[in-house]
Amino acid sequence: MFFVVKWAKIKLLAVGVTVFCCFAGMMVAGQRAQQVSGAAYEELYPDLYVDSEGTFEPETGKVVYYTFDDGPSKNTLAILDVLKEKGVKATFFVTGQEAAGIDSDAVLKRIVEEGHSIGIHTYSHKSKEIYQSVESYLEDFYKIREKIIQATGVQPHIFRFPGGSVNNSFADPAVQKAIRIEMRRRGFIYYDWNVVSGDDKSYMTDTQTLIQNIVNGAQGKDKVVILCHDDSMRVSTAEAVGPVIDQLTAQGYRFDRLTESVEPVQFNHNDD
Ligand SMILES: [Zn+2]
């Protein structure tokens, strides 16, 4: 009938401890404490916590956050070259893949050295496996986080769910909700998107179509988070970067990278 309060859980357990102290019946208190302290997976990976302020900096003007999932690959290098030439910062939600023709750790390092944000996407990208349970999600997440830290020395605070945070066809809604709550409890912040490039539909999508999709999708939005993919198949995604930057800059947008200080764009769901 005893439980251990870990420092990282003190805030969440505060209510439970109060209840514990106030109830005379130990059984009732024990059941309540268990509900508040949560499931066994909360005990896993005791170093998988980050301190995120939970406060976001105010944004002014029209801003674009260009984001790339599923890299690194040789297309990441092509994108980095364009971003450097244009003086633009972006965000890369990376995987653990070892794509042909590159040294993945060196690419991760270059992303950080050139001032871009690095976030967690997934190690394996095997959605059916990682969304089986909170435990399997944490296992995959921990693996890619370790790779990023070893390659770059940077501890990522931000991440993106494969398939997005909700209505993901691979995940049971209840499991995904539990994952969202658990990741938030551990201090990580996830970012969805509000503009799609369309490069997820096919790696054959031509460059001009991607540019048009992005530029049209941005219309009327002050804050734009663009979903793109920099895996090795999507050459046109890299080719679109320069024209997209030019056209949206001409429309008064500035480009920035996502950090935990940027209020996230998230799909609607009620986790409270
Ligand atoms: Zn992905």
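What follows is calculated from the coordinates using simple rules that are stated; it is not laboratory data. Note that this is a predicted model, so its numbers are computed, not measured. When we count neighbours, we look across all protein chains shown, and the Cβ atoms used for this are built from the backbone with ideal geometry, even at glycine.
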* Helix hunt in the chain: which complete DSSP H runs extend at least 20 Å axially by C-alpha with mean Kyte-Doolittle at least 0.5? -> 235-250
* Asked: Picking from 87, 66, 191, whose Cα lies most toward the positive end of the charge dipole for the chain (charges on Cβ: Lys, Arg +1; Asp, Glu -1)?
  -> 191
* **the chain - percent relative contact order, Cα under 8 Å, separation 6 or more** => 26
* Structure fact -> Sorted on mean Cβ neighbours within 10 Å (highest first), peptides 45-55, 80-90 come out as 80-90, 45-55
* **Unit charges on C-beta of K, R, D, E only; dipole of the chain, Debye** => 500
* To do: As a check on your grasp of the helix formula, calculate [θ] at 222 nm for the chain: sum -39500 (n - 2.57) over DSSP H runs of n ≥ 4, divide by the residue count, round to the nearest 500.
  => -13000 deg cm²/dmol
* Structure fact -> Between the modelled labels at residue 62 and residue 202 (7 Å from Cα along Cα→Cβ) the distance in nm is 3.1
* Structure fact -> Expected unfolding gain across residue 55-residue 114 under the 0.36 nm per residue rule, minus the alpha-carbon gap, is 18.7 nm
* Asked: Which whole-number percent of Cα pairs in region 62-256 have a distance greater than 31 Å?
  -> 14
